[in-house]
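This report concerns only the one structure given below.
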Amino acid sequence: MIGVELIKLLRRPRTWVSVLLLVALPTIVAVFLALTEIGPRPGEGPALLSAVLSNGQLFPAAALAIVLPLFLPVAVAVVAGDSIAGEASAGTLRYLLARPVGRTRLVVAKLVAVIAFILIAVVAVALSAYVVGTNLFGSEPLTSVSGRSVNTADATRRTVYAVLYIGWSMLGVAAVALFLSTLTDSSLGAALGALSVLVTSQVLVALDAAAAVRPYLPTRYWLAFVDFFRDPILWRDIERGIALQAVYVGVLLAMTWANFTTKDITS
Amino acid sequence: MTATAASSPASSVVTTHGLTKRFGQVLAVDDIDLDVRAGDRYGFLGPNGSGKTTTLRMILGLVHATRGHIEVLGQPVPRRSKAALADVGALVEGPAAYGHLSARANLSLMDAAGPGGGLRTRRRRIDAALEQVGLAGVGRRPVKQYSLGMRQRLGLAGALLRTPRLLILDEPTNGLDPQGIREVRDLLIELNQAGTTVFLSSHLLAEVEQLCTRVGIVDRGRLVRQGHLAELRAPTGRVAVRTPDAGRAVALLDGRVEDRLDDLLLVRTDDAAALNAALVGGGVRVVEIGPERRTLEDVVLEVTSAGSDRIGSDRIGSDRIGAPQRSPR
């Protein structure tokens with residue numbers, strides 16, 4: 001069943017269109033930066049971007065920062081929101097379950113497919129950005145955000161950490177969308193619901209009046225991946241981010257399972 | 001126990017006891033005791049919204065019963081759905097497929113998703129199923145370009161893919177032209193004669209009359225009749241006579257004519273031959289004569305009420321309505 005879901009994901013044109021769009025945005029940014037050599041000043045614009053002009057190897061991380069606030073979660077929410085609701089509205093859900101495919105198995109297979117999509121998307125962004133970055137900006141030794149230089153192996157390791165951390169953060173988005181996907185037969189509704197959770201969270205993170213709830217907001221520690229590029233790596237926010245996402249993912253997946261396995265399929 | 005039950009010819013393939021489903025305030029299925037036996041071509045009839053589809057969905061484990069017990073091929077549903085449904089082919093509320101994929105890709109994915117679909121035989125089984133439903137030459141076109149009839153055929157192919165022991169088909173001829181309806185009917189009879197039990201729901205009474213051996217009729221969630229078609233359509237104890245000399249016949253038969261419609265007389269008697277002899281002996285010319293049989297339509301109309309899609313003012317204040325209508329897909 002997991003194989004079937006992966007084939008469905010990979011044979012779907014939408015998967016590749018969204019990956020292509022995700023790759024295109026940082027590339028466009030890189031081209032503008034390389035042509036004009038006007039970088040954002042430190043502390044402005046997407047994280048790490050100011051350091052990229054002198055440092056092509058940092059561009060994968062900068063590219064992830066570019067797609068992280070909106071583009072990447074939108075793509076993940078669309079795929080995860082479609083996973084059950086899309087089958088329901090196409091009518092294929094009843095045939096899958098009557099095939100018979102166990103409901104728990106189906107949810108697990110859908111989750112695996114969504115994780116595969118997240119990894120494909122994040123890795124595609126990082127890899128393409130590495131190629132673009134090293135070609136457009138040259139590959140001098142990477143200087144960490146803290147100012148010390150690091151070798152290529154170390155830079156790769158940090159980038160892999162960042163990819164995994166962002167993937168883990170996206171799993172939180174996916175869990176919200178997957179849960180909503182079992183509540184409604186409209187994949188658009190599920191995706192929009194998940195996005196509204198994110199937008200709310202991002203607004204509240206920036207709002208000082210909401211400081212009391214800030215540590216519990218799902219997007220609070222998303223940008224902590226920048227800390228992988230400090231020297232030494234600043235683990236505090238990263239650890240909190242991992243733990244917070246784990247709670248969200250755990251609770252939402254449990255809700256997804258509980259709802260889907262007891263639900264009447266009337267679609 | 002299960003094995004002997006399944007191998008004996010008159011054993012039950014689908015049984016429900018006290019099957020009940022309540023959606024909020026609406027009692028969609030009310031205490032239904034179905035009995036579909038091995039070898040049946042069972043027609044499940046009823047007005048729109050009478051609970052047919054909800055019953056089928058419960059049998060397939062899609063909707064959980066509020067009360068009652070379901071057994072399919074000797075296994076309880078939904079507790080042992082996996083064992084029960086592996087040998088069932090289903091078409092529920094219209095076919096469904098992934099529009100961007102071809103018929104073969106769709107069948108292949110569905111086959112790989114569940115039990116009983118061996119990889120080695122898959123290609124051959126897909127070709128055979130497409131051939132059976134008349135889609136052998138369908139090629140690689142994506143399903144989104146298919147006509148309604150082709151989608152219906154593809155849905156049937158999906159149900160036939162693993163040569164199931166039981167076929168559960170909801171309106172199997174929906175969207176087909178008369179030629180297609182005939183093909184599907186012949187196919188189902190052929191499969192049935194090879195040992196497949198066919199359980200189909202329909203509101204096309206003529207179709208059921210030509211295809212089914214047993215029927216169950218639901219109305220407002222209740223099973224109001226169940227039995228052999230031949231029994232439901234038993235002679236009414238009257239003989240229909242068509243004659244140009246209707247007036248003379250009425251006089252001759254002296255009160256035994258129960259109804260008259262122009263030249264058609266309905267006479268109370270069990271013996272059409274004796275009646276014919278009497279009429280001819282009395283100089284009445286007879287064009288047609290034969291025992292009156294009720295059509296399935298007569299039976300159904302007698303035991304059911306208007307469908308829930310009819311919302312007339314006379315229904316306001318009715319305390320029970322059928323299941324909510326869903327849009328067809």
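Coordinate-derived values only; no laboratory data. Here the structure is a predicted model, which is why all the values come from computation and not from measurement. Neighbour counts run over all protein chains shown; Cβ positions are idealised from the backbone, glycine included.
Restricting to lysine pairs 8 or more places apart or on different chains, what number in the protein assembly as shown have Cα atoms under 19 Å apart?
6
Tell me, what ³J(HN,Hα) does each residue in region B:205-214 have, in order and in whole Hz, if you take phi through Karplus 6.51 cos²θ - 1.76 cosθ + 1.60 with θ = phi - 60° and put x for Gly and Pro?
5, 4, 5, 4, 4, 7, 10, 8, 9, 10
In which sequence would A:W257, A:W235, A:W222 go, from the one with the fewest C-beta neighbours within 10 Å to the one with the most?
Least crowded to most crowded, the residues run A:W235, A:W257, A:W222.
When DSSP assigns beta bridges and you keep just the ones with both residues in the protein assembly as shown, what percent turn out antiparallel, to the nearest 5?
Taking every DSSP beta bridge within the protein assembly as shown, about 70 percent pair in antiparallel fashion.
If you stretched the chain out fully between A:V251 and A:F32, how much longer would it get, using 0.36 nm times the residue separation minus the C-alpha to C-alpha distance? Each step should come with its number before you reach the end.
Working: separation 219, 0.36 × 219 = 78.84 nm, distance 4.23 nm.
Full extension of this stretch gives 74.6 nm more.
Can you tell me the dipole magnitude for region B:137-216 around its Cα centre, using point charges on the Cβ only (Lys, Arg +1; Asp, Glu -1), in Debye to the nearest 20?
460
Per DSSP helix of 4 or more residues, -39500 (n - 2.57); summed, then divided by the residues of chain A. What does that give at 222 nm, rounded to the nearest 500?
-24000 deg cm²/dmol
P(r) for chain A: what percent of alpha-carbon pairs falls in each 10 Å bin, starting at zero?
For chain A, the pair-distance distribution reads 7, 29, 32, 21, 9, 2, 0.
How far apart, in nm, are the 7 Å Cα→Cβ label points at B:Q193 and B:N48?
With each label placed 7 Å out from Cα toward Cβ, I get 3.6 nm.
Residues of B:91-98, mean number of Cβ from any other protein chain within 10 Å of their own Cβ, rounded to a whole number?
Mean shielding count: 5.
Counting only the backbone N, which residues of region B:41-59 are under 16 Å from the spot 7 Å out from the Cα of B:L148 toward its beta-carbon?
Label zone hits: none.
I need A:F71, A:F228, A:F117 ordered by Cβ neighbour count within 10 Å, fewest first.
Values: A:F71 18, A:F228 22, A:F117 25.
Starting with the residue having the fewest Cβ neighbours, the order is A:F71, A:F228, A:F117.
I need to check one value: relative contact order of chain A, counting alpha carbon pairs closer than 8 Å and at least 6 residues apart, in percent.
25
Taking the protein assembly as shown, how much of its Cα-Cα pair set, in percent, is spaced more than 38 angstrom apart?
On the way: 86265 of 177310 pairs.
So the portion of pairs separated by more than 38 Å is 49 percent.
Report the extension gain between B:R67 and B:R80 in nm, rounded to one decimal, defined as 0.36 nm multiplied by the number of residues separating them, less their alpha carbon distance. Before the final figure, lay out each step's value.
Values: separation 13, 0.36 × 13 = 4.68 nm, distance 1.68 nm.
Roughly 3.0 nm would be gained on extension.
Please report, in whole Å, how far the alpha carbons of chain B spread along each principal axis, starting with the longest.
75, 48, 46
With springs only between Cα atoms under 10 Å, which of A:G189, A:G133, A:G81 fluctuates most in a Gaussian network model of chain A?
Highest fluctuation among the options: A:G189.
Per 0.36 nm of contour for each residue apart, how much would the distance between A:A209 and A:V123 grow if the chain were fully extended, relative to their Cα-Cα spacing?
27.3 nm
Sort B:I168, B:I70, A:I120 so that the residue with the fewest other Cβ atoms within 10 Å of its own Cβ comes first and the one with the most comes last.
A:I120, B:I70, B:I168
Under the rule that an exposed site lies in a DSSP loop and has at most 16 other Cβ atoms within 10 Å, name the longest stretch of chain A with no GluC sites (Glu not before Pro) of that kind, not counting the sites themselves. It would help to have the intermediate numbers written out before the result.
On the way: sites that count: A:E37, A:E44.
Longest gap between qualifying sites, sites excluded: A:45-267.
Based on the alpha carbons, how large is the Rg to Rh ratio for region A:185-267 when Rh follows Kirkwood?
1.09
Taking every DSSP beta bridge that has both residues in chain B, what percent is antiparallel when rounded to the nearest 5?
Values: 36 of 54 bridges.
If I count the DSSP bridges inside chain B, around 65 percent turn out antiparallel.
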